[in-house]
Structures are given as structure tokens and as C-alpha cells.
1. Within segment 262-278, can you find the residues that are at pLDDT 90 or above and either crowded, with 18+ Cβ neighbours inside 10 Å or closer than 15 Å to Thr67 by Cα (or both)?
2. What number of residues within segment 98-138 satisfy the criterion of being in contact with a strand residue (DSSP E or B) (Cβ under 8 Å, 6 or more places away or on another chain), closer than 16 Å to Gly77 by Cβ and assigned to a helix (DSSP H, G or I)?
3. Does segment 44-60 contain any residue that is surrounded by fewer than 24 Cβ atoms within 10 Å (Cβ to Cβ) and assigned to a loop (DSSP other than H, G, I, E, B)?
4. In this structure, is Ala158 hydrophobic (A, V, I, L, M, F, W, C) and assigned to a helix (DSSP H, G or I)?
5. For Leu282, which of the numbered conditions (1) more than 19 Å from Leu12 (Cβ to Cβ); (2) at pLDDT 80 or above; (3) crowded, with 18+ Cβ neighbours inside 10 Å fails to hold?
6. Among the candidates Ala229, Ala196, which residue alone is in contact with a strand residue (DSSP E or B) (Cβ under 9 Å, 6 or more places away or on another chain), modelled with pLDDT under 95 and more than 27 Å from Ala177 (Cα to Cα)?
7. Here's a check for you: in segment 300-311, which residue that is over 21 Å from the mean Cα position of the chain (by Cα) and part of a loop (DSSP other than H, G, I, E, B) is modelled with the highest pLDDT?
8. Give me the pairs, please: first residue somewhere in segment 77-104 and closer than 23 Å to Tyr115 by Cβ, second residue anywhere and surrounded by 24 or more Cβ atoms within 10 Å (Cβ to Cβ) and among the β-branched types (Val, Ile, Thr), beta-carbon distance under 7 Å, and either six or more positions apart or on two chains.
Amino acid sequence: MIVSMRSLAEALATGTVILDGGLSTELEARGHDVSSALWSARLLRDDPGAIVAAHAAFAAAGAQVATTASYQATVEGFGAAGVDATEARRLIASSVALAREGQGDGWVAGSVGPYGAMLADGSEYTGAYVDALSVARLRAFHRPRMELLAEAGADVLACETVPAAAEAEALIAEADALGIPVWLSLTTVLDGDGVARTRRGELAADVFAMAASVDAVIAVGVNCTAPAAIGAAVAAASVAGRPVVVYPNSGESWDAVGRRWTGTPGIATDDVPPWVDGGARLVGGCCRVRPSDIERVAMMIRRPDHKGSWLTVGGEPGPRMIRRPDHHAGQRMGLPPVTAMRAPEM
């Protein structure tokens, strides 16, 4: 059914919106095995209720946007796990209904991870694969999932953890052709001069400018990046003329060879106001950022002495237009019944 609600793009023009945290690492923290090549997408098939519960925990902590469990969900990836193409498409689409059920009245962002996420070899953090793939090939790879998520009712697509300019070009060109609103989020590093660059070494500012020239792009920014590198990325993104999206990792580092996290977790909330003052309008967390972290980020942004504004209308997002499935949509897709759970006490 059609519900009159405010679009996320309109919301970002008037205030700061809180994004969720790391869905897959939250599921892992709750005892679920996400070590397979499908990562959290495995639970779309094996335990959809766990996904709803994780979404609900972030929503209870203050997140206004739920990001679907489709980052590593592709027809090719499911195929390698023995899932046929028809079932794979159903599972990808179901991620939107599960996010909607857990989030409640907030927005749902359909997660579109990079090509390297499907390879499950850590190359999403290098972008090395783009040397062997044309923009046309990358567009063809991303198109089916983008279409499925949009048709399932996602309010926006989150093209995220993008490591290279060529893949960013492919994603925004495909979004433009399909008429789907997206945000583009790079994963970046600092060069020797403290300037934000993609994992392939391109200037992040150049990629943001390219993305901002496309009407379908409602925000540009950075995710899956160390908190210390966020300030430079915000500065690079803010000149592109679009709202900035920021969702860093916890501060730990992922050892792709040892498959473990090292370092000290947690976003320093004192870092958040400078990001917002620099243009960040969609703020959350990525890997290892838990509901308790999002709660602290939300509280920091809502502080009366902060220049940013907390976007609420009667405690809920304002008017927008979305295609919203009802809370039994997952069952109609053939999923077992799930119930949104209250977040555990933190």
C-alpha cells in the first residue's frame, strides 16, 4: 500500500538523521555464525527472525534508518551456496520486509555492497578487481540486486563500502538509469598529506563530485573507515553539494587473513559534532558499532548545545511517499512468522 511519508532526501535537507550500526557484526555478537561467504545474508534463509531482532535493537537505540541484510547477498553468491536463482531473488527481496518489520516507522535502505563482497576475499578493501572489469560489467552485476531491492519497497539504496572510482561510476550510472534514489558511500584511507582517497588511491573528492552530478544520488560520504579518517572524508564530501553520510567502523581493524578484529572498539562521541558541523546529515556506524553506540551517537546529536538538529515529528520521521509492505509481508514471501523484539538492556 502507499503511505504518505517524507522522503529521506527531504529529511536530510532539514536535519540530521540517525543511521543504524553494523548489522552483520551485531548478529555475530548475538551468537550467530556469519563466517560464511554469504555473511549475514545466510540468515535471510536460515534465521530471518534474528535479522528482525537486530534491526529492532538499533531502532530502539534511536536509529531512524535500517540497512538491509543484503550487503553480501547476490544471486551469484547464493548460487555458490547451493541456492537456486529463483530462491536467491526471493531472499534478497525479503531483506526489505525484514528491515521494515524490525525498524517500524523509519526508513529502509537497501544495502548494495561492492563486487568484492561477493568474492569474499577481502578485495572490497582494495578494489583490485576493477582492473579486470569494465564499468558495463560492474553495472550488469549490480543491476539485478538493485532492481529487487527497489521493487521490494526500499526507500533508498545504500551503495556502500565502494573502494574504487570505476565501481562508483557503475553504481550511480545504474541508479540513474533505473530512477532509484541512492547514497554513495566510499571506503577511504588518508594519504601522506591527510587527504581522503579511495582504497584504489583516487581522490575521494573527485568521486564525490562525479556522484553529485547525478540526480539519483541523494547523499555522498564514507563508511567502513576508521574514525580517525572520517574528518577528511567529510571535508571532501561536503564540497560536492549533497548531504554527507558518515558511518565509520568502531575503531578496530579487520585482519582479513586472520579473520579477526584487533584494537579498541567504540566511536568517540566527541567526534560526532565536528562531523555534523562539517556537513554530515546521515550519521551512524558500520562494523562493530552496536546499538549502545548508536544510542550514544543519537544522544550527542540531540544535545541542545549542538548545532545540528535532530529530525523528529512526533517522535517519528516526517511525511514521505513509500511503497510499504505490511508487517505480514515476510510470511507472504514464504518466510516463517517473525516478531519485532525490544532491544535488550545495554
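The values are calculated or read from the model by the stated rules, or taken from the named source; none is laboratory data. All values derive from a computational prediction rather than experimental measurement. All Cβ positions, even for glycine, are placed from backbone atoms using ideal geometry, and neighbour counts span all protein chains on display.
1. Narrowing segment 262-278 to residues at pLDDT 90 or above: 272-278.
Within segment 262-278, Val272, Trp275, Val276 qualify.
2. Residues that pass the stated criteria total 2.
3. Yes, some residue in segment 44-60 is surrounded by fewer than 24 Cβ atoms within 10 Å (Cβ to Cβ) and assigned to a loop (DSSP other than H, G, I, E, B).
4. Working: hydrophobic (A, V, I, L, M, F, W, C): yes; assigned to a helix (DSSP H, G or I): no.
So Ala158 does not fit the description; no.
5. Evaluating Leu282 over (1) more than 19 Å from Leu12 (Cβ to Cβ); (2) at pLDDT 80 or above; (3) crowded, with 18+ Cβ neighbours inside 10 Å leaves (1) as the failure.
6. On the way: Ala196 fails: modelled with pLDDT under 95.
Going through Ala229, Ala196 in turn, the sole match is Ala229.
7. Checking each candidate, the answer is Arg303.
8. Ser95/Thr68; Val96/Thr68; Val96/Val108; Ala99/Thr68; Ala99/Val108
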